[in-house]
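The values are calculated or read from the model by the stated rules, or taken from the named source; none is laboratory data. Quantities reported herein were computed from a predicted structural model and do not represent experimental measurements. Quick reminder, even Gly has a Cβ in these numbers, built from the backbone with ideal geometry, and neighbours come from all protein chains shown.
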Amino acid sequence: MAVSTVYTVQIQSLNSISTPSKSHLGFNQLLYSSGKKTRRATHISCSADNDKTVVIGLAADSGCGKSTFMRRLTSVFGGAAEPPKGGNPDSNTLISDMTTVICLDDYHSLDRNGRKEKGVTALDPKANDFDLMYEQVKAVKEGIAVDKPIYNHVTGLIDPPELIKPPKIFVIEGLHPMYDARVRELLDFSIYLDISPEVKFAWKIQRDMAERGHSLESIKASIEARKPDFDAYIDPQKQYADAVIEVLPTQLIPDDEGKVLRVRLIMKEGVKYFNPVYLFDEGSTISWVPCGRKLTCSYPGIKFAYGPETYFGHEVSVLEMDGQFDRLDELIYVESHLSNISTKFYGEVTQQMLKHADFPGSNNGTGLFQTIVGLKIRDLYEQIVASKVAAPLEATKA
Amino acid sequence: MAAIAGVSITTPKIFASASVRSPKPSPIKLSLLNSPWKSCTTHLRMYVRPVAAAPDKLSDKVEESIKNAQEACSEDPVSGECVAAWDEVEELSAAASHAKDKNKDSDPLENYCKDNPETDECRTYDN
């Protein structure tokens, strides 16, 4: 199938060369005579061949494009994701070889002043243009480049658009990837990052206390003021997500600083191309403390749990980790006991976690489950591509 | 086309922030008069500085927005203005922390070498 598309593009690009050459020269001759054009033509045909892009949605509060999850995800595919070169320096977009990550804040219909005048938050659907979001995500999914607006977080204004070319994997990250039903239909896989209020408060304190002007009261007031809109518009999206990463305070020790975390990976059953991760036996309820004779852990230790549950009326499998990794051998020990993690070689999860050891969450379940979700997405992508190649072969056989 | 558009957006910012630092332009002008061929390198140096200024501007904006939010909420704690003001605080705090992280791990040599790997300073000898 790849070969045939090369030929069709060839003929189109060789308008200047007289067509009689086609009749008595073989196809091979055509390839040689066009020299450099051949290579450019094959390059065009490659992107036209994979004309459908895999779209992933990630719902996360106030964190866009540069967040740790995105960097881990793009790292699984290889290559570092960077802002587009030569474009707007305040662009929220990240591009790597295989992935493009866009921030849904770019689809704000009201800029900061507009929202202040109307008294709406960015969480409110009224401040977002879902029609444009749907049109552009649909276009990229079908292989058409779009001019996407840029929302400048520094100035609070909407900047002139930037060109987004369809990548193999298109990630849309923001507050409302699953809010609009039409956009939801376009997503091949969706993830919701659910941070519990206590952990959110602890993280925001860590982030903002160094900032001049902030105090404990202002941070608390900020969270509480946004809570009604958050609960009304953002939180309900978690029922639609294929995977939810829930971050809660630990149950191992009393800890109110949010340093030790209990992280739950909630995976929906029956999603096409997605096989949930499991521990020991799929469908059973397992409680596992890896620390013992073979592995010595440091305080407060590690505790795993796995089991089937129901989440908003769906059947799900939940894998839970409470505690922290302190040493490399703890990580590799845990990895060797998990099943269905879609690694290409033994130790890939550990390798990915070590690669980004400086990222927040690298020593607990957040980093582990984000890495595993990244590997699952890679597996999903490869399955989709394989199924697309298989479909036309089936058609020719029939 | 996108690249040209990018240049026209960024250059006004650079000139705007360069004009804020009034003492700097005069020594640059003198050297330009004496050795006009050096104009390219001085402009490069001019371009580097505004990047460091962004976090301070952002920190001021964060502080300002917190004051506005506290004022707006003192009048009516449940109004749309109060909520929107705190949302703005949240947005600016997030932007400030992102900018801080970006500056924290930007190494000027690494950044230069990413774009110009063939220059002498960036050559690596792997074999």
Residues of the stretch A:177-211 being acidic (D, E), farther than 20 Å from A:L73 by Cα and part of a loop (DSSP other than H, G, I, E, B), in sequence order, are A:D180, A:E211
Residue under question is A:P166, and the condition is that it be away from every other protein chain (no Cβ under 14 Å), in contact (Cβ under 8 Å) with a residue 60 or more places away in the chain and not charged (D, E, K, R); does it hold? yes
Residue pairs, Cβ under 7 Å, 6 or more apart or interchain, first in the stretch A:291-306 and closer than 15 Å to A:L331 by Cβ, second in a strand (DSSP E or B) and among the β-branched types (V, I, T). List them. A:C291/A:I302
Given (1) buried (at least 21 other Cβ atoms within 10 Å of the Cβ); (2) out of contact with any Asp or Glu (no Cβ under 7 Å at 6 or more places or on another chain), index of the condition A:R327 fails: (1)
Test A:I144 against the stated conditions and say whether it is crowded, with 19+ Cβ neighbours inside 10 Å and of a type outside the set (G, A, S). no
Filtering the stretch B:40-67 down to residues that are at pLDDT 50 or above and within 9 Å of another protein chain (Cβ to nearest Cβ) yields B:K57, B:L58, B:S59, B:D60, B:K61, B:V62, B:E63, B:E64, B:S65, B:I66, B:K67
Looking for something within 9 Å of another protein chain (Cβ to nearest Cβ) and small (G, A, S) - is there at least one such residue anywhere in the stretch A:119-133? yes
In the stretch A:95-152, what count of residues is obtained for those that are within 18 Å of A:I169 (Cβ to Cβ) and assigned to a strand (DSSP E or B)? 8
Out of all the residues in the stretch A:324-342, is one or more farther than 22 Å from A:V289 by Cβ and hydroxyl-bearing (S, T, Y)? yes
Test each condition in (1) within 14 Å of chain B (Cβ to nearest Cβ); (2) closer than 23 Å to A:A241 by Cα; (3) not hydrophobic (A, V, I, L, M, F, W, C) for A:K116 and report the one that comes out false. (2)
Taking the condition of being in a strand (DSSP E or B) and within 9 Å of chain B (Cβ to nearest Cβ), how many residues in the stretch A:153-163 meet it? 5
